[in-house]
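To start, the structure itself, in structure tokens.
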Amino acid sequence: MAAELWTADLIVSETDSLEDARDGGSVGYDDTETKLRENFNTLYEEATTSNNTDHQWLLDFVDDHCDIDDDIVSSSHSSESDSPYDQCRYAVLDLLLDYLEPAGYILAGVAGLELL
């Protein structure tokens, strides 16, 4: 029961943080989104520079939901506006929240919490 409670609290807290970022309340990145940014950019680079089709799902997602300008994507991704993730941030956050929000409510229900 304690594990479900802790996990539900973690998911709800992270969901709140990501919603705040998606809705423009937080411009900077928290630790979770910083790691997400790094992983997304690495995966995007692998998907666009190799002939491996393992990451085609990512390219399909980007094509369907993002407007990435390859001319301003730098290899270092140092600026918070030039990386693929930064250009696709709100679509990625929407996707994550589509999964995190229901998971938080389910776990909270299992733990006996009422979040509404």
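The values are calculated or read from the model by the stated rules, or taken from the named source; none is laboratory data. In this text the structure is predicted, and so the values were computed from the model without any measurement. Reconstructed Cβ throughout: ideal geometry from the backbone, glycine too, with neighbour counts over all protein chains shown. Note: areas computed on protein heavy atoms with side chains; ligands, DNA, RNA excluded. Shrake-Rupley method; radii C 1.70, N 1.55, O 1.52, S 1.80 Å.
Return the total of residues in segment 60-94 being open to solvent by 40 Å² or more (accessible area, probe 1.4 Å), under 15 Å from the mean Cα position of the chain (by Cα) and modelled with pLDDT of 90 or more.
Total satisfying the criteria: 1.
Taking segment 43-57 on its own, how many of its residues are touching an Asp or Glu at 6+ places or on another chain (Cβ under 9 Å) and surrounded by 10 or more Cβ atoms within 10 Å (Cβ to Cβ)?
The total comes to 5.
Given 16, 23, which one is over 16 Å from residue 90 (Cβ atoms), surrounded by fewer than 17 Cβ atoms within 10 Å (Cβ to Cβ), within 14 Å of the chain's Cα centre (by Cα) and among the acidic types (Asp, Glu)?
Every option except 16 fails the conditions.
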